[in-house]
Amino acid sequence: MKAEAALASTAPARSHSPWRNYWRQFRQNGLGLCGFAISALITALAIFAPVIAPYDPIQVNADKIFEARSWSHWLGTDELGRDFLSRLIHGARISFFVGIVAVAFKTVVGTFIGLVTGYFEGVVDSLLMRCLDVLYAFPRTLLALLILAVVGPSIPALIFVIGLGGIPQFARIVRGAVLSAKQNEYIVAARSLGATSTRILWRYLLPNVLAPILILSSLSLARAITAEAGLSFLGLGVDPTLPTWGGMLRAGSPYLRLHPHLAVFPGLLIMLAVLGFNAMGDAIRDILDPRMLNRVRGGRTT
Amino acid sequence: MIVYLLKRLAQLVPVLFGCSLVVFLSLQLLPGDAAQVLLGDREFNQTDYLAMREYLGLDEPVYMQYYKYLANVVQGDFGRSVRTHEKVLPAILDRFPASLTLAAAALLIALIIGIPIGILSAVKPYSRLDQGSMIGALLGVSMPSFWLALMLILLFSLYLDWLPASGRGIPPDLKHLVLPAFVLGSAYAATICRLTRSCMLEVLNYDFVRTARAKGLREMFVINKHAFRNALIPVVTEVGISIVGLIEGSTVIEVVFAWPGIARLAFQAAQYRDYPMLQGCVLTVAILFVVVNLIVDALYYYLDPRIKFAGAGHEG
């Protein structure tokens, strides 16, 4: 632990900006760079979907049902005559939006709980951590089923259930990091200079626990996208007329034998997106996790 | 050991209380009267309704209602299904063997694939085998299981007609188990492979491994006897977590393959707004989750004697 803290505190002293260092390491990580490129591509797809997509993804065309691939419809049309490519491109939007907001939700709430419980300890700590234990005891999918069955499927509900399951993990990791970071002398110094708890938490402790937060949130984005796709695939996601990859997979599965591409492409895109974020998350973890650094160094010397 | 277990058991009590409270409160969020919700859409007369209100204690304050709910649950009374009118607990127990079989088969597949590949990659890090298996593991982790399931159904059931695509078979047979178990197991194989590799890499750098090699022990012996045993601890934890994870992560798999397990029961209950059944499934799996975690902790304690000393240190 001490070695980690020492490493963390000496790192900024070596160069002007640790971030420049991190970026240099990131560029050397082939798989991470690939992941970054894929993620960037799919993010661009999500942002510019209305510009890129050739057709309206919701427009039903009764006379164009299950049309084969052609120059006017590159990937053909689906069971309601909607342009499949346009739906795939627009599908990135909801999957991303839900994924990113859900991760932001669990990151903010989990970090807040972790900071408060780690800093104050005592009654607040044990009370909040027991509550999180309860949340942690629930299997995520089943809790999502229960909540969605009660409140009904909608985008906010989806974001809530996907985010909720990840909060204990964030809170525990941040709490652990705060517990070790607050032993540092500069925290004692700040307190003796009369800094308020809010200032210490915000100005000194938060930057110290940023690395684990960043690692965890980048890895959980991939998870959130899979969760959204899974729930949509089960029919518990958003309105089925809206294009989502999970929902399209669900809609395409009855026509698996005759029109397999309706199920193949949405799944491929989910996999690509998840792969991209996973590879990027792994690279970020390798760079920011000092334990990994030690291991690589150890490996080289032996 | 016994003191440790008792302590952990005592910690479980508030968690289980909390779980039951969350499941109980979820019904309070529903618009309308809980008695109406639990009687479902079917036609019911005033007597049924009043009897249900009496059963739930709706005329009493919320904490008394929770007390009644808890008292019933402790006695194994989870209520009756709105849809089929069968008792909830026997219905869940009825599906339990199917879920357990699927989880066990998937776990077996995950271990058979994950551990050897993980060890081999760690023994020769950065080799072609290592890079190949790591990319394979990344693919395995990233591939949505429901999509893999559909693709395998397409290939093995629809095109080749080798394996059945749904159900468990009457009587249950192995052929029906292959596809769901493989799909469920492959994702965990990737996780276990990555974990085994990283733990082995760490352990292989320790001094005792160097000592073992310096003693002139055969490499096979060093890997299996010295390194793997130490790398096993996090792997065991992961396996423990995955047993429950497998049961709950199998929701989609059970639905896709129409596998008659608990997760599918819960899914159907959610679809038909069969709240007593859904509540029962969620609570049962949550209890299972907590108990399995306890068992994993106990196993951990048994496998790694260092924890005992750490625990003693904290107490002292």
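Going by amide H atoms built from the backbone, whose H comes under 5 Å of the H on B:Trp259, apart from near neighbours?
The answer is B:Gly167.
What is the calculated FRET efficiency for A:Phe97 to B:Ala258, with r their C-beta to C-beta distance and R₀ = 30 Å, to the nearest 0.05?
Details: r = 32 Å, r/R0 = 1.07.
According to the calculation, E is roughly 0.40.
From other protein chains only, count the Cβ atoms within 10 Å of every residue's Cβ in B:135-144, then give the mean. Write out the running numbers ahead of the final one.
Values: counts 3, 0, 0, 7, 4, 0, 7, 14, 7, 15.
If you average over the peptide's residues, the count of other-chain Cβ atoms is 6.
Dipole size in debye (nearest 20) for the protein assembly as shown around its Cα centre, Lys and Arg Cβ +1, Asp and Glu Cβ -1? The partial results should precede the final answer.
Values: 52 positive and 39 negative charges, 531 e Å.
Dipole magnitude for the protein assembly as shown comes out near 2560 debye.
Can you give me the Cα centroid spacing of region B:156-219 and region A:257-279 in angstrom?
Each part reduced to its Cα centre gives a spacing of 23 Å.
Could you work out how far apart the two model spin labels at A:Thr43 and A:Leu80 are, taking each label as a point 7 Å from the Cα in the direction of the beta carbon, and quote it in nm?
3.1
Would you list the membrane-span-like helices of chain B, meaning whole DSSP H runs whose alpha-carbon atoms span at least 20 Å along their axis and whose mean Kyte-Doolittle value is at least 1.0?
On the way: long enough: B:2-28 (39 Å, 1.69); B:88-123 (50 Å, 1.99); B:128-142 (21 Å, 0.63); B:174-204 (41 Å, 1.12); B:228-249 (29 Å, 1.26); B:275-303 (41 Å, 1.70).
Membrane-span-like by this rule: B:2-28, B:88-123, B:174-204, B:228-249, B:275-303.
On a full-extension model of 0.36 nm per residue, what is the gain between B:Tyr302 and B:Ile170, subtracting their alpha-carbon distance, rounded to one decimal in nm?
Numbers: separation 132, 0.36 × 132 = 47.52 nm, distance 4.08 nm.
Using 0.36 nm per residue and subtracting the Cα-Cα distance, I get 43.4 nm.
Using the heavy atoms of the protein chains alone and a 1.4 angstrom probe, what is the accessible area of region B:96-315 per residue in square angstrom?
Numbers: 9960 Å² over 220 residues.
With the other protein chains kept in place, region B:96-315 gives 45 Å² per residue.
Any idea which of A:Gly114, B:Val291, A:Ala263 is furthest toward the positive side of the dipole for the protein assembly as shown, if Lys and Arg beta-carbons carry +1 and Asp and Glu beta-carbons -1?
A:Gly114
Angle, helix A:30-47 long axis vs. longest principal axis of chain A, Cα atoms, 0 to 90°, nearest 10?
Rounded to the nearest ten degrees, it is 60.
Order of A:171-178, B:12-19, B:108-115 by packing, highest average Cβ count within 10 Å first?
Working: A:171-178: 22.2, B:12-19: 16.5, B:108-115: 20.2.
Ranking the peptides A:171-178, B:12-19, B:108-115 by packing returns A:171-178, B:108-115, B:12-19.
What does the highest-first list of A:35-45, A:236-246 look like by mean Cβ count within 10 Å?
Working: A:35-45: 17.5, A:236-246: 22.3.
Per-residue mean Cβ counts within 10 Å order the peptides as A:236-246, A:35-45.
About the Cα centre, and with charges only on the beta carbon of Lys, Arg (+1) and Asp, Glu (-1), how big is the dipole of region B:96-315? Nearest 20 debye, please. Walk me through the intermediate numbers first.
Details: 16 positive and 13 negative charges, 143 e Å.
The dipole of region B:96-315 has a size of about 680 debye.
Between A:Gln169 and B:Gln28, what is the spin-label point distance in nm, taking each point 7 Å from the Cα along the Cα→C-beta axis?
Rounded to a tenth, the inter-label distance reads 3.0 nm.
Classify chain B: rounded, prolate or oblate, from the alpha-carbon gyration tensor (a ≥ b ≥ c, eigenvalue square roots; a/c under 1.5 rounded; otherwise prolate if a/b is larger than b/c)?
Details: a/c = 3.31, a/b = 1.56, b/c = 2.12.
Oblate, since a/c reaches 1.5 and b/c is not below a/b.
Report, in degrees rounded to the nearest 10, the 0 to 90 angle that the Cα long axis of helix A:210-233 makes with the longest principal axis of chain A.
20
How long is the gain from A:Trp71 to A:Ile58 if the chain were fully straight, where each residue apart is worth 0.36 nm and the alpha carbon distance is subtracted?
Working: separation 13, 0.36 × 13 = 4.68 nm, distance 1.99 nm.
Gain on extension, A:Trp71 to A:Ile58, equals 2.7 nm.
What FRET efficiency would be calculated for the residue pair A:Thr241, B:Glu219, taking the C-beta separation as r and a Förster radius of 56 Å, to the nearest 0.05?
Working: r = 61 Å, r/R0 = 1.08.
Calculated value: 0.40.
Based only on the alpha carbon positions, what is the Kirkwood hydrodynamic radius of region A:29-297, in angstrom?
Details: mean 1/r = 0.0487 Å⁻¹.
Across region A:29-297, the inverse of the average 1/r is 20.5 Å.
Rounded to the nearest Å, what's the spacing between the alpha carbon centres of region A:147-220 and region A:58-121? Just the number, please.
Region A:147-220 and region A:58-121 have Cα centres spaced 27 Å from each other.
Could you work out the mean count of beta carbons from other protein chains within 10 Å of each residue's beta carbon in B:146-155?
Values: counts 12, 16, 2, 2, 10, 6, 0, 4, 6, 1.
The shielding value for this peptide is 6.
Got a sec? Charge dipole of the protein assembly as shown, +1 on Cβ for Lys and Arg, -1 for Asp and Glu; which of A:Leu143, A:Leu206, B:Leu58 is way out at the positive end?
Of the listed residues, the answer is A:Leu206.
By how many degrees, between 0 and 90 and to the nearest 10, does the Cα long axis of helix A:155-181 differ from the longest principal axis of chain A?
20
Loop only per DSSP, at most 11 neighbouring Cβ atoms within 10 Å: give me the chymotrypsin sites (Phe, Trp or Tyr not before Pro) in region B:155-204, ordered by residue number.
Values: sites: B:Phe156, B:Tyr159, B:Trp162, B:Phe182, B:Tyr188; in loops: B:Trp162.
When the chymotrypsin sites (Phe, Trp or Tyr not before Pro) of region B:155-204 are filtered for loop state and at most 11 Cβ neighbours within 10 Å, B:Trp162 remain.
Under 10 Å, Cα contacts only: if you run a Gaussian network model on chain B, which one of B:Pro171, B:Pro144, B:Pro276 comes out with the highest mean-square fluctuation?
B:Pro171
Once you place label points 7 Å from the Cα toward the Cβ at A:Phe120 and B:Asn205, how far apart are they in nm?
3.9
Please check chain B for the longest run free of GluC sites (Glu not before Pro) that are loop-located per DSSP (anything but H, G, I, E, B) and have at most 12 other Cβ atoms within 10 Å. Present the calculation step by step, with values, prior to reporting the outcome.
On the way: sites that count: B:Glu43, B:Glu86.
So the longest stretch without any such site is B:87-316.
Please report, in whole Å³, the volume per residue of the convex hull around the C-alpha atoms of the protein assembly as shown.
204
Identify, among B:Ala181, B:Met200, B:Phe156, the residue whose Cα sits farthest towards the positive end of the charge dipole of region B:156-216, taking +1 on the Cβ of Lys and Arg and -1 on the Cβ of Asp and Glu, with the dipole about the Cα centre.
Value: B:Met200.
Residues with amide H under 5 Å of B:Leu58's amide H, sequence separation 5 or more or different chain, H placed in the peptide plane at 1.01 Å from N; which?
Amide H neighbours of B:Leu58: none.
Name the lysines eligible as straight-distance cross-link partners of B:Lys225: C-alpha to C-alpha under 29 Å, and not fewer than 8 places from it in the same chain.
Result set, ordered by chain and number: B:Lys124, B:Lys215, B:Lys308.
Could you pull the Rg and Dmax for region B:56-185, using just the Cα atoms, both in Å?
Looking at region B:56-185, its Cα Rg and Dmax stand at 22.3, 70 Å.
The values are calculated or read from the model by the stated rules, or taken from the named source; none is laboratory data. Treat the numbers as computed from the prediction; the structure is a model and nothing was measured. Positions of Cβ are generated from backbone atoms using ideal geometry, with glycine treated the same way; all protein chains shown enter the neighbour counts. For the accessible areas, the whole protein counts, side chains as well, though only heavy atoms, and no ligand, DNA or RNA atoms are used. Shrake-Rupley method; radii C 1.70, N 1.55, O 1.52, S 1.80 Å.
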